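A.B. asks: Sending over a structure as structure tokens; questions will come in a sec.
The values are calculated or read from the model by the stated rules, or taken from the named source; none is laboratory data. What you see is a predicted model; the values in this text were computed from it and never measured. Here Cβ is always computed from backbone atoms with ideal geometry, including for glycine, and neighbour counts include all displayed protein chains.
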Amino acid sequence: MAKRAAKSKPATESPSPRTERGVFEKLGERIDAIPEVQAAEAAVRTAREELEKAQALCQKVREQASATIDDAREQSLGDWVDASLEAVRKHPAAGVSLAFAAGMFLGRLLRK
């Protein structure tokens, strides 16, 4: 009879990993069922989607800016002057206003 008592498991032994996993899974299900947790999960999901959209837009703008800068670097000073003169011919009021603003800025800059 003493041999049988030695073979039985003591009451203080920890539960098996399967039992622990089951307990944690049940606890996780109970936590997931809480309305506040569901709302937080939905908010995080929405924020993640918005972040991905923002990242895609940022990448698109970065590529467009890079292409514009590359195009600007390929143009010579003569091309810039010709484009400016053409713009002034199409929009003389804007050209005069821009020249006035540039003159005022340079005048203030050089006065001080």
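A.B. asks: Enumerate the pairs (first residue in the stretch 68-83 and closer than 21 Å to GLY95 by Cα; second residue anywhere and part of a helix (DSSP H, G or I) and of a type outside the set (A, V, I, L, M)) with beta-carbon separation below 9 Å, excluding pairs fewer than 6 apart on the same chain, so at least 6 apart or on different chains.
C.D. replies: ALA72/TRP80
A.B. asks: Something else about it: Somewhere in the stretch 63-84, is a residue in contact with a Gly (Cβ under 9 Å, 6 or more places away or on another chain) and either assigned to a helix (DSSP H, G or I) or of a type in the set (Gly, Ala, Ser) (or both)?
C.D. replies: Yes.
A.B. asks: Between ASP70, ASP79, which is exposed (fewer than 10 other Cβ atoms within 10 Å of the Cβ) and modelled with pLDDT under 95?
C.D. replies: Numbers: ASP79 fails: exposed (fewer than 10 other Cβ atoms within 10 Å of the Cβ).
Just one listed residue meets the conditions, ASP70.
A.B. asks: Would the stretch 96-107 turn up any residue that is surrounded by 10 or more Cβ atoms within 10 Å (Cβ to Cβ) and within 25 Å of the chain's Cα centre (by Cα)?
C.D. replies: no
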